[in-house]
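S.K.: First the structure, then my questions, so here it is.
The values are calculated or read from the model by the stated rules, or taken from the named source; none is laboratory data. The structure displayed is predicted, hence computed values, not measured ones. Note: ideal-geometry Cβ built from the backbone for every residue, glycine included; neighbour counts use all protein chains shown. When the accessible area is computed, the model is the full protein with side chains, heavy atoms only, and any ligands, DNA or RNA have been set aside. Shrake-Rupley method; radii C 1.70, N 1.55, O 1.52, S 1.80 Å.
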Amino acid sequence: MPSYDSEFKSVIAKVRAHEKWFSQSLPMIASENVASRRVRDVMASDLGHRYAEGWPGERVYAGCKFIDQIELQAIALGKKLFRAEFIDVRPISGVVANLAVYSALSGPGDTMLALSIPNGGHISHGKKDFSGSAGLVHSLEIEYFAFDKDEMNIDVDASKKRIKAKKSVRLAMFGGSLFLFPHPVKELAEIIRDAGGTVCYDAAHVAGLIAGGMFQDPLREGAQVMTFSTHKTLFGPQGGAVVSKAEFADQLKKAVFPGTTSNHHLHSVAGKALVFAEFLEFGRKYAKDVVVNAQALAQKLASLGEKVLGEKNGYTKSHQVAVDVIKYSDGGTLEKRLEAQNIVVNRQLIPGDLQAGRHYTNPGGIRLGVAELTRLGMGKGEMAEVAEIIHLAMAGKRKREVTGRIREMRKDFQTVKYSFSDSPAYFFR
Ligand SMILES: *Cc1c(COP(=O)(O)O)cnc(C)c1O
């Protein structure tokens, strides 16, 4: 009989190695963050073994006495945090929340307005030709918002023309993955509604900034529905949610269950309740610090000669900084070069890439996020050092100095802040 004990142990050893590596790195993937100890504890609790299915009080499974109470608390806290008439905390990810919205509010062949991917759109808003969820899973036709590269934002007038040229628009999905500046929801909501469309906003990246009052407030600006991930700038467990005006509640509930999930992740629901409470208490300060840090990083990189996008509008009003790296080679090469020096970032398609023949594997940019570094306690001073380190690392000539400076700097940043008590960021044994 073979024993798989050594396989078992080797997986554990790799998890340990991953944590050690990240504790000595600069984790700057813009869609990532780090959760507090109590959130991580509930993720490992018995809730993660259970089934509920359905709405609290109307479950398909027994054993939900406490689960129902937790989910109702998550709902109450989430509604308060986003000042929303309705929230469903069951979607198991941001993409699943988007699929629920498409299911509830559109049908096959309908047209949805969204951003193209080089202009910041997400693959879940994408066309069938690119295997995007909207096209491939839901057979939606996608019409793009017009985009202004200098503004790094949706072009309002040109988008209005595109909307008017359509017979009907069923949905509009604001929001994106490369997301530097608030979108013109207010400016476009009315014309979208006049064209027969529901105004939606994908806050996967910026939910924490919205909750903290630092970006824009889509539900007050004309958006009727908003989806988000719970683990990007909102520093919770991996998961999704959807909020909306009350009139969409019944349709959305059915689209979430049974439409797009059977069991939802109950441990994650408990984690969502905790992170909503953390955000109600600490979210304003956190969101402000994130944006200040992103702007400090962008300014320092620009002063070192890097080509930071969005210059016309002060580089960024979110947690992200986008850098055109074509002078070095391309974003794919830079992503690998930085990873080899313990700086973890994404390559990023940027406006103009497709016309120039650049594609997803070797795009023109990289995207930097400061949400996680901020949660670890870094401030403006550290952002100047991070910018210098990244600038050196991009040239790729002083690798030992780069990894040494990061290790030294990270010694003071091993703790998760902005929660009811500070907790270790890395504790897997
Ligand atoms: C990350 C992202 C998603 C997907 O969220 P998951 O939680 O990973 O499923 C959806 N929309 C946008 C705009 C995103 O950036």
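S.K.: Can you pull out the residues in the range 406-429 that are part of a loop (DSSP other than H, G, I, E, B), among the basic types (Lys, Arg) and in the same structural domain as Gly377 (by TED's automatic domain parsing)?
M.R.: We begin by selecting, within the range 406-429, every residue part of a loop (DSSP other than H, G, I, E, B); these are 411-414, 417-422, 425-429.
Next, only the ones that are among the basic types (Lys, Arg) stay: 411, 417, 429.
Those that are part of a loop (DSSP other than H, G, I, E, B), among the basic types (Lys, Arg) and in the same structural domain as Gly377 (by TED's automatic domain parsing): Lys411, Lys417.
Here's the yes/no breakdown for (1) under 24 Å from Gly126 (Cα atoms); (2) outside any helix (DSSP H, G or I):
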{"position": "Glu58", "(1), (2)": "no, yes"}
{"position": "Asp68", "(1), (2)": "no, no"}
{"position": "Lys79", "(1), (2)": "no, no"}
{"position": "Ala84", "(1), (2)": "no, yes"}
{"position": "Ala97", "(1), (2)": "yes, no"}
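S.K.: Tell me which of these Tyr144 doesn't satisfy, since it passes every other one: (1) touching a strand residue (DSSP E or B) at 6+ places or on another chain (Cβ under 8 Å); (2) over 19 Å from Ile350 (Cα atoms); (3) surrounded by fewer than 21 Cβ atoms within 10 Å (Cβ to Cβ).
M.R.: Looking at each condition in turn, Tyr144 falls short on (2).
Residue by residue, here is whether (1) modelled with pLDDT under 95; (2) at negative phi; (3) part of a loop (DSSP other than H, G, I, E, B); (4) away from the ligand (no atom under 14 Å from the Cβ) holds:
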{"residue": "Lys161", "(1), (2), (3), (4)": "no, yes, no, yes"}
{"residue": "Met173", "(1), (2), (3), (4)": "no, yes, no, no"}
{"residue": "Leu178", "(1), (2), (3), (4)": "no, yes, yes, no"}
{"residue": "Leu188", "(1), (2), (3), (4)": "no, yes, no, yes"}
{"residue": "Arg193", "(1), (2), (3), (4)": "no, yes, no, yes"}
{"residue": "Tyr201", "(1), (2), (3), (4)": "no, yes, no, no"}
{"residue": "Leu209", "(1), (2), (3), (4)": "no, yes, no, no"}
{"residue": "Gln216", "(1), (2), (3), (4)": "no, yes, yes, yes"}
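S.K.: Now for a separate question. In the range 15-24, which residues are open to solvent by 40 Å² or more (accessible area, probe 1.4 Å) and touching a residue at least 24 places away in the same chain (Cβ under 8 Å)?
M.R.: Listed by number, the residues that qualify are Val15, Arg16, Lys20, Trp21, Gln24.
S.K.: Follow-up question, since we're still on this one. Which fully enclosed strands (runs of 3 or more DSSP E) of the range 315-391 have 3 or more residues being open to solvent by less than 20 Å² (accessible area, probe 1.4 Å) and at pLDDT 95 or above?
M.R.: Numbers: elements: 320-324, 346-348, 365-369.
By residue number, 320-324, 365-369.
S.K.: Right, something else. Take the residues in the range 25-54 that are of a type in the set (Gly, Ala, Ser) and either under 18 Å from Thr230 (Cβ atoms) or within 16 Å of the ligand (Cβ to nearest atom) (or both); name whichever of them is most open to solvent (accessible area, probe 1.4 Å).
M.R.: For the range 25-54, the residue satisfying everything is Ala44.
S.K.: Specify which of the listed residues (Gly197, Gly94, Gly109, Gly208) is over 24 Å from the mean Cα position of the chain (by Cα) and buried (at least 24 other Cβ atoms within 10 Å of the Cβ).
M.R.: Numbers: Gly94 fails: over 24 Å from the mean Cα position of the chain (by Cα); Gly109 fails: buried (at least 24 other Cβ atoms within 10 Å of the Cβ); Gly208 fails: over 24 Å from the mean Cα position of the chain (by Cα).
Just one listed residue meets the conditions, Gly197.
S.K.: Within the range 236-250, can one find any residue that is within 16 Å of the ligand (Cβ to nearest atom), of a type outside the set (Phe, Trp, Tyr), at pLDDT 95 or above and open to solvent by 20 Å² or more (accessible area, probe 1.4 Å)?
M.R.: The answer is yes; a qualifying residue exists.
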